[in-house]
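One structure is given here, and the rest of the page talks about it.
The values are calculated or read from the model by the stated rules, or taken from the named source; none is laboratory data. Keep in mind the model is a prediction, meaning the values are calculated, not measured. All Cβ positions, glycine included, derive from the backbone under ideal geometry; neighbour counts span all protein chains shown.
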Amino acid sequence: MGAGGTKKAQSSDGKGMNTALVVAGAGAGYLGCLFSPLILLLLLVGVIVVCAIGVIFWPLVIICQIFGCGGGGDGAHVDSDKVAEAFASDGKGELIEESVSADYFEYIRDAGKECDQIGPIVIAAQIQQESMFNASLVGPDGAEGISQLPPDKFDEFGEDDDDNDDTSALDAGDSIRAQGRYMCSLAEDIDTLIANNELRGKDLDRLDLTLAAYHVGLDEVKKAKGVPAQGGAQNYIFGVRTSFGMYSGAVDLPEGETYPSVSPLPLDSIGPGRREEEGIGR
């Protein structure tokens with residue numbers, strides 16, 4: 001390769017690395033407190049998958065060397081290949097029991113069995129994004145509970161799943177199982193839209209489209225004929241997928257340590273009902 005070609009390749013590589021860091025920084029701002037080295041590592045692996053530029057694996061090495069997250073010392077062991085695989089997966093794998101509170105594990109597992117399209121890893125990652133596992137969270141739009149379903153959606157999909165004779169969005173079991181049913185309903189709608197050729201694109205990702213519909217409303221997905229460029233849907237998908245590594249076993253924590261939590265921005269509490277009605281994103 002000539003000097004001009006080499007310089008061009010180096011410039012391209014540098015642009016790719018800068019893009020990765022910019023996206024990682026944007027993701028950090030979107031997701032909240034991401035100063036945990038583990039979260040930063042997961043985020044960067046997600047950037048790598050999205051950008052598909054192998055040379056930008058160098059930030060992972062640097063972070064691991066600085067924070068000890070590569071399996072040596074007392075840091076968490078992160079298998080970057082597994083994290084990347086989890087990020088790009090359909091979320092249907094096995095949910096690692098230690099990655100969530102024992103109070104919620106059974107509900108998340110069962111919510112992930114509501115249909116073939118949605119797995120428990122997706123449910124857990126969404127909860128992380130929506131409420132940071134805060135079962136008593138009440139959003140500014142009236143969305144309640146650990147899964148932040150707005151009242152109209154909870155009324156439609158909520159049941160007394162924790163058998164306490166009270167169906168409430170502030171009951172974690174009721175909220176999580178309602179989330180699973182709603183996601184499955186959206187997944188069926190997406191399948192229908194794809195079958196009817198109402199969505200465009202060669203590589204339509206059903207999970208991404210379903211997550212987008214949950215975030216900005218099905219009508220916005222229909223209007224965009226895919227994942228909307230506006231409304232934060234793409235950031236939402238990226239944020240949810242970033243957590244897949246934590247819940248799929250790609251991260252092996254030292255004894256006595258717990259998985260970190262990601263604080264969503266307050267706007268994340270705007271639930272799908274209001275988003276669909278008002279055509280807004282989070």
statement: The number of residues in segment 224-249 that are surrounded by fewer than 24 Cβ atoms within 10 Å (Cβ to Cβ), touching a residue at least 24 places away in the same chain (Cβ under 8 Å) and more than 11 Å from the chain's Cα centre (by Cα) is 7
- prompt: Looking at Gln148, is it surrounded by 24 or more Cβ atoms within 10 Å (Cβ to Cβ) and at positive phi?
  reply: yes
message: Can you tell me which of (1) more than 19 Å from the chain's Cα centre (by Cα); (2) buried (at least 16 other Cβ atoms within 10 Å of the Cβ); (3) of a type in the set (Val, Ile, Thr) is the one Val221 doesn't meet?
response: (1)
task: Take Tyr182 and decide whether it is more than 14 Å from Cys115 (Cα to Cα), touching a Pro at 6+ places or on another chain (Cβ under 8 Å) and buried (at least 16 other Cβ atoms within 10 Å of the Cβ).
output: no
field: Selected residue (criterion: nearest to the chain's Cα centre (by Cα)) from residues of segment 76-126 that are modelled with pLDDT of 95 or more and among the β-branched types (Val, Ile, Thr)
entry: Val122
query: How many of the residues making up segment 142-165 are in a helix (DSSP H, G or I), in contact (Cβ under 8 Å) with a residue 60 or more places away in the chain and closer than 17 Å to Ala111 by Cβ?
result: 1
